[in-house]
Amino acid sequence: MRASDRAICLRTIDYSETSQVVFFLTRCHGAVRLLAKGTKRPKSKSGGAIDLLSEGELVFSTGKEAGDALGTLMEFCETVVHSPLRREACRLHAALYALELAGEMLPLGDPHPEVFDLLHNTLARLGQSDAPVAAVLAYFQWRFLRRVGLLGDMRSCASCGRQIDRADELHFSSRQGGLLCGDCEGAQVEKYRVDADTLASLRTIQEAEAGTKVSLAAPQALALNRLLAYHVAEQLGKVLKMARHVCSLQRSG
Ligand SMILES: [Zn+2]
């Protein structure tokens with residue numbers, strides 16, 4: 001099957017002297033894994049090796065079964081330049097965390113156009129000099145996990161359904177994908193303590209998602225990034241390489 005689509009490079013592996021295996025997130029075909037022959041030659045059509053964060057128009061072919069095996073990259077033309085991200089370490093770290101999260105959590109060949117758009121918008125925003133980096137990343141993690149169905153209703157207890165309005169003895173369970181009230185947390189071994197800052201950050205991000213113009217203050221963005229990075233690590237059974245940068249991102253405005 002030959003296809004063309006918009007794509008963002010999530011990961012690359014050297015395959016030979018001149019070739020790479022490149023993982024892309026495409027808009028309409030989901031994540032794809034492609035052999036890119038000759039891309040490391042300086043005079044290749046793609047203008048040299050394909051890098052993380054490259055975004056553009058991709059032409060590729062895959063086997064009959066979408067999602068399996070290694071496809072072939074036929075053409076890649078970079079159309080969006082995310083180079084401003086590379087000027088500051090905290091922006092680059094946030095962007096690389098977003099790529100790593102998408103690359104690890106999305107199965108091959110499972111299209112989520114809204115997740116592609118979310119990643120595109122996040123990278124573009126992180127490249128702007130006035131971007132509150134920690135808040136942009138917190139919003140990305142929140143939306144991403146909601147979109148892939150890993151975050152439930154964070155307004156009530158995932159176990160008994162009681163409305164949550166205070167942080168007393170409040171916990172988050174990755175396995176339950178939600179909050180546990182003081183009466184229910186005792187029965188769950190896997191859990192993360194949710195303090196007042198984290199609860200406030202959840203309420204703010206829910207308002208933002210509902211369309212209210214609110215901003216996530218730096219301590220709240222940090223608290224939310226930590227909670228969501230914990231959730232991601234529990235779901236994957238490993239901590240993402242970029243997670244330690246995300247959990248110390250202080251800058252939010
Ligand atoms: Zn409960």
Treating only Lys and Arg (+1) and Asp and Glu (-1) as charged, each at its beta carbon, one finds that the chain has a dipole about its Cα centre, in Debye to the nearest 20, of 620 debye
Partner aspartates and glutamates whose C-alpha sits under 15 Å from that of Lys241, ignoring same-chain residues fewer than 8 away, are Glu100, Glu104
When the C-alpha atoms of region 132-246 are aligned to their principal axes, what extent does each axis show, in angstrom, from largest down? 37, 33, 24
Carbon-plus-sulfur fraction of the accessible area of the chain, 1.4 Å probe, in percent? 48 percent
For region 2-83, what is the charge dipole size about the Cα centre, in debye to the nearest 20, if Lys and Arg each add +1 at the Cβ and Asp and Glu each add -1 at the Cβ? 160 debye
How large is ³J(HN,Hα) for each residue in region 123-134, as worked out from phi by the Karplus curve 6.51 cos²θ - 1.76 cosθ + 1.60 (θ = phi - 60°), to whole Hz, x for Gly and Pro? 5, 5, 5, 4, x, 7, 5, 9, 5, x, 4, 5
The set of residues whose placed amide H lies less than 5 Å from the amide H of Leu180, leaving out same-chain residues fewer than 5 positions away, is Ala158, His171, Phe172, Ser173
Would you mind working out the accessible area per residue for the chain, using a 1.4 Å probe, and quoting it in Å²? 48 Å²
For region 2-83, just say rounded, prolate or oblate: build the C-alpha gyration tensor, square-root its eigenvalues into a ≥ b ≥ c, call rounded for a/c under 1.5, and beyond that prolate if a/b exceeds b/c, oblate if not. oblate
P(r) tail fraction, region 20-126 - alpha-carbon pairs more than 17 Å apart, %: 54 percent
From the Cα trace of the chain, what convex hull volume per residue do you get, rounded to a whole Å³? 129 Å³
Whole Å is fine, so just give me how far the alpha carbon centre of region 208-253 lies from that of region 128-194. 11 Å
Using a Gaussian network for the chain with springs between C-alpha atoms less than 10 Å apart, which of these wobbles most: Cys90, Cys77, Cys160? Cys160
Quote the relative contact order of the chain in percent (integer), defining contacts as alpha-carbon pairs under 8 Å separated by 6+ residues. 16 percent
Hydrodynamic calc, region 8-54: Kirkwood Rh from Cα pairs, then Stokes-Einstein at 37 °C with viscosity 0.692 mPa s, so D in µm² s⁻¹ is 309 µm²/s
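The values are calculated or read from the model by the stated rules, or taken from the named source; none is laboratory data. Everything numeric here is computed off the predicted structure, so don't read it as measured data. Here Cβ is always computed from backbone atoms with ideal geometry, including for glycine, and neighbour counts include all displayed protein chains. Surface areas here come from the heavy atoms of the whole protein model, side chains and all, with no ligands, DNA or RNA. Shrake-Rupley method; radii C 1.70, N 1.55, O 1.52, S 1.80 Å.
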